[in-house]
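Inspection log for the structure reproduced underneath, given as structure tokens.
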Amino acid sequence: MRRGQRHKRFHLRTFGCQMNQHDAEKMANLLHHEGLRPAADAVGADVVVVHTCSVRERAEQRLYSELGVLCALKQQRPDLILGVGGCVAQQEADGLLARFPGIDFVFGSQNLRSLPAMIRAAGEGARSLRVDYEESDARFDLPERHPDFGPRSPGRAFVTVMEGCDLFCAYCVVPRTRGREISRPANSILEEVRELASKGVVEVTLLGQTVNAYGRPRPGRAPGEVSFAELIRRLAKLPGIERIRFTSPHPLFMTPELEACYAEVSELCPHLHLPVQSGSDRVLERMGRRYTRARYLEIVAGLRRARPGLALTTDLIVGFPGETPEDFEATLSLVREVAFVDSYAFKYSPRPETPAVRRGLSPVDPERAQARLERLQRLQAELTERAHAARLGSLTRVLVEGASRHGGGQQTGRCPEHRIVNFTAPQPVPAGVFAEVRITSVTPHSLLGEATAQRAGENLEQLQAPRGPAPRELQLPVV
Ligand code: SAH
Ligand code: SF4
Ligand code: F3S
């Protein structure tokens, strides 16, 4: 860039899951390497990219209202470059370019690396579309993370290990928007995590649409070099890595080998988000989930034997076509039986070209579905409250993320079980550092506590033996 020439500014608007959030980090890095710099909002940007989610209809609608606003902005400022990426882009492709003349480019979830080229083309007045599915693992090759767009908060980072989904659950658009399952080479994952650890990352969250399918043998394909369980074991050995999480696993790939990791790998956090969707075998079968209620419960029992105290959370869908009151009761009873610490419950939303829509299945009446959703959420609120109350008085280890949005000098972070812990401390604890916190009260959504005088004794080692270089616990004065 010549002296005096201003850097172009970009603004990314991201919707959807953690994979999308992480893809946004990847895009920000690509654009940084391309010489662009971030803008706080669309008004201050030369390039705006909306990064979309299509999992439920409401998510898609949010894009359309957002695009309405951005296209109006572009009418005032015709030099504004406007792009749409992610799952709606993959799904609607050229339909988006046709419907919104203000859009300069549309790119799918496997085409992140085309972003700089599409921006350059738009600068020369060309509109472009890149939504090809890429079978190779080249999509995982991205430039080095710049500190500003690296880990989402100090100490923690997302790492993609696989992408795509081959399961085609009847309700789900993801196999269409994310394409076929592909696992990333283990060496490249290990290298990335080693590099992150050298920059102070202590917690990694491994990402994939069916993350624990990683490396599985599949007909007509070479098996991966290592299984998901083996990948976890290797990552746990990297100096500095103290916490390993992953999302989202599928019950079908909860192997005995992976269960054993919960007993043997202390870095693997005592929390698992294991989507169940329904407690009724009839509905699970119609959804094409490939497990039964009994199998799900067996997995839960095995995991709890391996790691007593494991916190389980889940996803649930109510109102799937044909769900009877008895089916719904079965979901309530499963939720009660597992005693999930938390769950995300959704009303079934018909998605384009999914098996359920192609079969012409009609959803449960919306009012009934709404009533079921509310009952399920009430039950969950009780279970969450009970799980939180059981933590009162206990000590936990919080990876600090920064100041709490509740103010009052509180700080916030996550405990190993992935609950939000807001706490006070005699002095601010830097983000990315562990704090030992005693839980003194609870709310429906979080735990509240006080940081204890750390390392005054043995308590931290008892909680979770840290390993690797430079212990990052903050030395607070003994109070
Ligand atoms: N890969 C994950 C889920 C990804 S989508 C898995 O297999 O579990 C995240 C959640 O959105 C799903 O678990 C499901 O509960 C919900 N979901 C997906 N499609 C949906 C739809 N059509 N209607 C309502 N909820 C849906
Ligand atoms: Fe969707 Fe099912 Fe694949 Fe999960 S496993 S992404 S719910 S199709
Ligand atoms: Fe949404 Fe695509 Fe993620 S549909 S949930 S952004 S994989």
Using only the C-alpha atoms of the range 152-280, find the volume of their convex hull and express it per residue in Å³. 124
Placing +1 on each Lys and Arg Cβ and -1 on each Asp and Glu Cβ in the range 116-177, then taking the dipole about the Cα centre, the residue among SER128, LEU142, PRO175 whose Cα reaches farthest towards the positive end is SER128
Only four residue types carry charge here, +1 at the Cβ of Lys and Arg and -1 at the Cβ of Asp and Glu. Report the dipole size of the range 9-130 about the Cα centre in Debye, rounded to the nearest 20. 60
Under a plain spin-label model, where a point goes 7 Å from the Cα along Cα-to-Cβ, how far apart in nm are SER333 and ASP315? 2.6
Charge dipole magnitude, Cβ of K and R +1, D and E -1 - the range 148-389, Cα centre, debye nearest 20: 340
Under the Karplus relation with 6.51, -1.76 and 1.60 and θ = phi - 60°, whole-Hz ³J(HN,Hα) for the range 154-167, x at Gly and Pro, equal x, x, 10, 8, 8, 9, 6, 10, 8, 9, x, 8, 10, 8
Environment charge of VAL357, counting only residues whose C-beta is closer than 12 Å and scoring Lys/Arg +1, Asp/Glu -1: +2
Counting each pair of different Cα atoms once, what's the Kirkwood radius of the range 92-170 in Å, rounded to one decimal? 15.2
Linear extension gain, GLN61 paired with LEU252, 0.36 nm per residue minus alpha-carbon span: 65.6 nm
Can you give me the long-range amide H partners of VAL106? Hydrogens built in the peptide plane at 1.01 Å from N, cutoff under 5 Å, separation of 5 or more residues or another chain. VAL84, SER128, LEU129, ARG130
The summed charge of the ARG386 Cβ neighbourhood (under 15 Å; Lys/Arg +1, Asp/Glu -1) stands at -1
Straight-line reach check, LYS199, cutoff 13 Å on alpha carbons, 8 or more apart in-chain or any other chain, hits among aspartates and glutamates -> GLU144, ASP148, GLU191
Under 21 Å from LYS8, Cα to Cα: lysines that are on another chain or at least 8 residues apart: LYS26, LYS74
Using alpha-carbon pairs under 8 Å, 6+ residues apart, how would you state the relative contact order of the chain in percent? 10
P(r), alpha carbons of the range 395-462 - 5 Å bins starting at zero, rounded %: 4, 20, 34, 26, 12, 3, 1
Extension gain (nm, one decimal) between THR292 and ARG120, 0.36 nm per residue minus Cα-Cα: 56.8 nm
How high is the relative contact order of the range 43-191, in percent, with contacts defined as C-alpha pairs under 8 Å that are six or more residues apart? 20
Semi-axes (Å, rounded, descending) of the ellipsoid equivalent to the chain per its C-alpha gyration tensor are 35, 31, 23
Roughly what % of DSSP beta bridges within the chain run antiparallel, to the nearest 5? 30
Would you calculate the volume per residue, in Å³, of the smallest convex hull containing every Cα atom of the range 148-389? 140
Heavy atoms of ASP342: accessible area, 1.4 Å probe, square angstrom to 10: 40
What does the range 119-160 give for Rg and for Dmax, in Å, if only its C-alpha atoms count? 15.2, 42
So for each of 361-368, 286-293 I average, over its residues, the number of other beta carbons within 10 Å; can you give me the resulting order with the highest mean first? 286-293, 361-368
For the chain, which cysteines have no disulfide-compatible partner, meaning no other cysteine Cβ under 4.7 Å? CYS17, CYS53, CYS71, CYS87, CYS165, CYS261, CYS269, CYS415
D_trans [Stokes-Einstein, Kirkwood Rh over alpha-carbon pairs] for the range 1-105, 37 °C, 0.692 mPa s, µm² s⁻¹: 231
Along the range 441-450, what does the Karplus equation 6.51 cos²θ - 1.76 cosθ + 1.60 (θ = phi - 60°) give for ³J(HN,Hα), rounded to whole Hz, x for Gly and Pro? 7, 9, 10, x, 10, 7, 10, 10, x, 10
Once ARG6 and ALA263 are pulled to full extension, the length gained, defined as 0.36 nm per residue separation minus their Cα-Cα distance, is 87.0 nm
State, as an integer percentage, the relative contact order of the range 395-462 based on alpha-carbon contacts under 8 Å between residues 6 or more apart. 30
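The values are calculated or read from the model by the stated rules, or taken from the named source; none is laboratory data. Note that the structure is predicted; figures quoted are calculated from it, not measured. Because the Cβ atoms are built from the backbone with ideal geometry, glycine has one as well, and the counts that use them run over all protein chains shown. Areas reflect the complete protein model, heavy atoms only, side chains present, ligands, DNA and RNA absent. Shrake-Rupley method; radii C 1.70, N 1.55, O 1.52, S 1.80 Å.
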